[in-house]
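Below you'll find the structure, written out as structure tokens, and then a few comments.
The values are calculated or read from the model by the stated rules, or taken from the named source; none is laboratory data. Quick caveat, the model's predicted, so the values are computed rather than measured. Positions of Cβ are generated from backbone atoms using ideal geometry, with glycine treated the same way; all protein chains shown enter the neighbour counts.
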Amino acid sequence: MAQPPALSIPKVNPSGRDIGFATGIIAILCILFLPIPTFLIDLGLAFSIAFSVLILMVALWIQKPLDFSSFPTILLISTMVRLSLNIATTRVILSHGHQGHDAAGGVIAGFASLVMSGDFLIGLIVFMILVTVNFIVITKGATRIAEVGARFTLDGIPGKQMSIDADLAAGTIDEKEAQRRRSELEEESMFFGAMDGASKFVRGDAIAGLIITAINIFGGIMIGYFRHGMEIGEAADVFVKLSVGDGIVSQIPALIVSLAAGLLVSRGGTSGPTDKAVADQLGGYPRALAMSSGLMIVLALVPGLPMLPFLALGCGLGFGAWYIPRQAEAENRLLRETEEKKVVQTKEAERDSVKSALKTAEIELALGKQVSTRLLGAHQELAFRVGKMRKKFATQYGFVVPEIKVADDISIPEKSYQIRIHGTTIASNTLRVGDVIVVTGSGRKPSIPGDEIREPAFGMPAVAILENFAEDLKREGFHPIDNVSVVLTHMSEVIRNNLPQLLSYKDLKILIDRMDPEYKKLADEICSSHMSYSGLQAVLKLLLAERVSIRNLHLILEAVAELAPHVRKTEQIVEHVRVRMSQQLCGDLADNGVLRVLRLGSKWDMIFHQALKRDAKGEVVEFDIDPRALEEFSEQASQTIREFMDRGLPFVLVTSPETRSYVRMIIERLFATLPVLSHVELAKGLEIKILGAIS
């Protein structure tokens, strides 16, 4: 047998607030039909005024319109309170108005006496002005703003919804945040839609107040004259005063609520309390205050105008123009100091946290204790020259290398230093503390005695001599190198040899974002159709591995776009890029417009070509050279290249296009800095000087 559906039992509010709210609504409805004594009418009218003032204050101090999302409901309740009180006062005025000016209660009598000053015509005029201000000025403007706000809010919902979905898909926000934004968007649309309808309450309330007052005046005079035997003048005096007093008491809270509605819908996208938003924007332009001050002072000096009010306003505005910028500067300074303290505290917390131990510097110079002490006085110079070196790398190679961290390390020998890339020690050296180095190579040596060593950056023969003899060495024509220069030169060469490791995916995205929109679009097309951004990064890394600058990234993208649709192998794309960049390659390697070239002999050209194994399509799939031939080539190449290097002139090794990458693979193990070009990479119009051949 089927079980009956379970009954849904509503939750009971333990505070009894719901019962009290329902009782209040029923009381408002009862006032519409039941007669009430005058003391309750006085209490209701006072409550109406207090309630409207409360609504206005809340509308002034909320941070954003949605914080007062219940305003349409409150507006309906306040309107019903005023209308029910209007009907109650109408009943009393028509029933007991012949008894005198106090027949409708003390509140109406008091406002009538205060506003009318004993003349009902004055009260009637004031009442008409209040109705005009409320009905034509405030209510009509607020209604129009609410209509436009509702229309634009509803029209913008699809776009905002798509923006939330896009942020969620991109991972910028999580599901919880997306749900919160959707809920806020729904509340916003419902709020402005409700405000569009609620503004009609205010408009209808103003019309109803005008009609009720007219009925009270006409009906009261008729009843007083025909029922109670009053003279027309006496009846008009009594009932007009009572009716206008009642209308004014009703119009004051209606005007306040209309103002609150106008303030709420006119806030737009302004956040923060209304007073702060208005004061910040009006007082945020000191020059405007100064000009206004000048105008007030000029008006104060005009004959026939009172001097005191204009002069007081001019002085006040002038003081604001002087004081506000200084106050803003003080607040900004305090804000900056607070932010700096937060940054310092955050860094200290990160340094002390466990996570900081997992972070490694991309480039780090670790100094032994004695080296650190020796360079302590030169730390400022060291930092300056490190920054200069990074700028030089950016200009030369087209991307900014990471910041270099200089730190002491007691775990290494006290006279040594280490250069680390991503936490791995790439190079280390024992520094001759207190000595200068003279690089001699195969040339003459200084007459001053010293220790023969190897210069750490290039491994060239050098002599270490006490720095006290530096001036003597200069007089002999030598160039002594101090400790700071030795360390920085070594670091510069290590960075140059590890450029591919330092080009991160983030660096690639930054380089592309800085390009012109057309090339950004080209990069997106390449990386969405033919290869990934990681593939493009691999192309740039292979170029940097041979110290080819990527500063002309637009040329690289054009070359990649030409071949990427047809070739998938990164190495082939790189070779094509190199050919397209031949002018830059040769220009960077030339010396005063002359490119010195060392050729690969015909014997080795033949051997390398025979070592290339091809598939059925003719593409190279393997490089298989005889080990004995490889050993012989290494010996001959080392001997020949060393001979030309000892002359101190820059040169390049040139080979055929198909074997260039394989020759480079062998040569870089012997001479890491020697450029290897192919014949097709020699730029046109460049003077070529052939030094010889490896043969």
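The requirement of being closer than 24 Å to Gly593 by Cβ, touching a Lys or Arg at 6+ places or on another chain (Cβ under 7 Å) and surrounded by 13 or more Cβ atoms within 10 Å (Cβ to Cβ) is satisfied by Phe651. Cβ separations smaller than 9 Å between residues 6+ apart or across chains give the following pairs from region 627-653 residues that are under 20 Å from Ser442 (Cβ atoms) to residues that are basic (Lys, Arg) and outside any loop (DSSP other than H, G, I, E, B): Phe644/Arg596; Leu649/Arg596; Pro650/Arg596; Phe651/Arg596; Phe651/Lys689.
Looking across region 385-409 at every residue that is over 17 Å from Ala427 (Cα atoms) and at pLDDT below 85, the one that is farthest from the chain's Cα centre (by Cα) is identified as Arg385.
Taking the criterion of being exposed (fewer than 15 other Cβ atoms within 10 Å of the Cβ) and of a type in the set (Ser, Thr, Tyr), the residues of region 627-648 that qualify are Ser634, Ser638. Restricted to region 417-428, and to residues there that are in contact with a helix residue (DSSP H, G or I) (Cβ under 7 Å, 6 or more places away or on another chain) and not in a loop (DSSP other than H, G, I, E, B), the residue that is nearest to Leu511 (Cα to Cα) is Ile421.
Of the residues making up region 284-309, those that are more than 20 Å from Pro325 (Cβ to Cβ) and modelled with pLDDT under 80 are Gly304, Leu305. Filtered by the rule that a residue be of a type in the set (D, E, K, R) and under 18 Å from Glu668 (Cβ atoms), region 527-582 gives Lys541, Glu546, Arg547, Glu571, Glu575, Arg578.
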